[in-house]
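The values are calculated or read from the model by the stated rules, or taken from the named source; none is laboratory data. Please read these numbers as outputs of a predicted model, since none were measured by experiment. Cβ: placed from backbone, ideal geometry, glycine included. Neighbour counts: every protein chain shown.
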Amino acid sequence: MSLLVEMTTVTALALVITVVLRLFVAEAFYVPSESMYDTLTTNDRILAEKISYLQRDVDRGDIIVFKDPGNWLNEEQKAPGPFRRLGEFVGILPRSGEGHLVKRVIGIGGDRVICCDRSGRIMVNKIPLDEQEYLLENAKPSLQPFDVVVPAGSLWVMGDNRAESADSRAHMGGPGGGFVPVDNVVGRACCVIWPSDRMTMLRPPETFKKPGLKK
């Protein structure tokens, strides 16, 4: 009996610790589409860490997981079964089917983001971005022109696979103007954890460190 009580206590504590880690430290997610290809691809398992945003704000270049800000997915999300929900709640399974998206932050509150300059590059605060580091080879930064100023407390996000990403550009005419509230951010995608041949760390590209970019 004492062994059973001990095992039950240890199991309960382990579950509590796992739930706390999921809520406050990091959480695993499935990548649902090819909108971030080939930085991320469909069914990659990524880890969204939450610790860094306790110490700093969301920044340009971050890949973020965020809650759908206004029916961007434009589809009814399939509810997971009870065992799946339990696995996701305790953190032993990646979250899926709950209206989350993964995109790269291009502009933060106060930024003016323009597409494009004469060389076809996106500009943030009049500084052109060199996006070859993460865009598909020979891909255009955007075929859709835009000129926006990001409101305070919001973000302008884009997928790395620009031709296949229904990101901020696709929702400029809808509620919220295509901007993502910072409050919708779940965490920063810090690494790919599965499959094993795609395991890698996800770091902000060098172009977002350009002098003069930050206002």
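Exactly one residue among Val180, Val124 is crowded, with 20+ Cβ neighbours inside 10 Å and farther than 28 Å from Asn43 by Cα, and that residue is Val124.
Remark: pairs (first residue in region 185-199, within 7 Å of Ala48 (Cα to Cα); second residue part of a loop (DSSP other than H, G, I, E, B) and modelled with pLDDT under 95; Cβ separation under 7 Å; 6+ apart in sequence or on different chains) = Gly187/Lys50.
So, Ser35, is that one surrounded by 13 or more Cβ atoms within 10 Å (Cβ to Cβ), at pLDDT 60 or above, touching a Ser or Thr at 6+ places or on another chain (Cβ under 8 Å) and small (Gly, Ala, Ser) or not? So Ser35 fits the description; yes. The strands (runs of 3 or more DSSP E) falling completely within region 100-198 that include 1 or more residues that are in contact with a Cys (Cβ under 6 Å, 6 or more places away or on another chain) and modelled with pLDDT of 95 or more map to 122-124, 146-149. Against the list (1) surrounded by fewer than 21 Cβ atoms within 10 Å (Cβ to Cβ); (2) touching a residue at least 24 places away in the same chain (Cβ under 8 Å), the condition Val157 fails is (1). Of the set (1) among the β-branched types (Val, Ile, Thr); (2) buried (at least 21 other Cβ atoms within 10 Å of the Cβ); (3) farther than 21 Å from Val102 by Cβ, all apply to Val149 but (2).
Within region 127-141, restricting attention to residues that are closer than 28 Å to Lys67 by Cβ and out of contact with any Phe, Trp or Tyr (no Cβ under 9 Å at 6 or more places or on another chain), the residue that is surrounded by the fewest Cβ atoms within 10 Å (Cβ to Cβ) is Glu133. Could you please let me know if Pro181 is touching a residue at least 40 places away in the same chain (Cβ under 8 Å) and under 25 Å from Ile51 (Cβ atoms)? So Pro181 fits the description; yes.
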